[in-house]
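Encoded as structure tokens, the structure appears first; notes follow it.
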Amino acid sequence: MPGRVRKTTAASLGLFVKQTGYLAAPGFTSQLLAELSEVTLQVGDLIIAQGAERKVHWAHNVWRNLQRIPFHSIGEAAKHLRSLGGLWVPYIQGSKSRIRFIQEKLPYFSPKLLRFPAELPKTPLGSWTLLDANTLLASADCSSPVAHGEYHFEESRDPPSRAYLKLWEVFTRFNAR
């Protein structure tokens, strides 16, 4: 019809639209949602938004170059992740047993407690989760070198307080010595 304009987007044409995942810092999911536009999906504290990575304040880990991978078996899911390379850490939401079975078929990963002053891990760490029983959401390119962007240190139980852990985290994140 003349005079009528229909807005056409890449998504409405069925074209691939780049998406980025943002894992909210614990307790700050609503603040992260307020920072982002074009949110397409939320899985627990993981927020998926259209477009390339944006600078946000409330994300602990950014999942770049997201891939949605359909699979038919646990072995096939693990094979897809292994083909992307590196070590993998699952973001557990939904079917915990299915996630555990897939993770068992991947190269072994066990997060180590950091000892201050700590060097950040050099091995790239990918993140993944299940969207449903037969669909993975994965990123081999994450912003954080530690699992879910959470820094865990060997603790000293000596007084006066444990506030030093936050200082250690800041110094470690920014590689300050």
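The values are calculated or read from the model by the stated rules, or taken from the named source; none is laboratory data. Only a predicted model underlies this, so the values are computations on that prediction, with no experimental measurement involved. As a convention, Cβ positions derive from the backbone with ideal geometry for all residues, glycine included, and neighbour counts pool all protein chains shown.
Numerical summary
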| read-out | value |
| --- | --- |
| Single residue of region 97-115 satisfying the filter (charged (D, E, K, R) and within 13 Å of residue 128 (Cα to Cα)) that is surrounded by the fewest Cβ atoms within 10 Å (Cβ to Cβ) | 100 |
| Any hit, region 32-43, residues being surrounded by 13 or more Cβ atoms within 10 Å (Cβ to Cβ), within 18 Å of residue 143 (Cα to Cα) and either small (Gly, Ala, Ser) or modelled with pLDDT under 90 (or both) | no |
| Selected residue (criterion: modelled with the lowest pLDDT) from residues of region 143-170 that are over 23 Å from the mean Cα position of the chain (by Cα) and basic (Lys, Arg) | 162 |
| Test: residue 16 is modelled with pLDDT of 90 or more, surrounded by fewer than 17 Cβ atoms within 10 Å (Cβ to Cβ) and farther than 30 Å from residue 169 by Cα | no |
| Residue list for region 91-101, filter: at pLDDT 90 or above and touching a strand residue (DSSP E or B) at 6+ places or on another chain (Cβ under 9 Å) | 100 |
| Subset of region 102-126 that is out of contact with any Gly (no Cβ under 8 Å at 6 or more places or on another chain) and either modelled with pLDDT of 85 or more or of a type in the set (Val, Ile, Thr) (or both) - its residue that is farthest from residue 66 (Cα to Cα) | 104 |
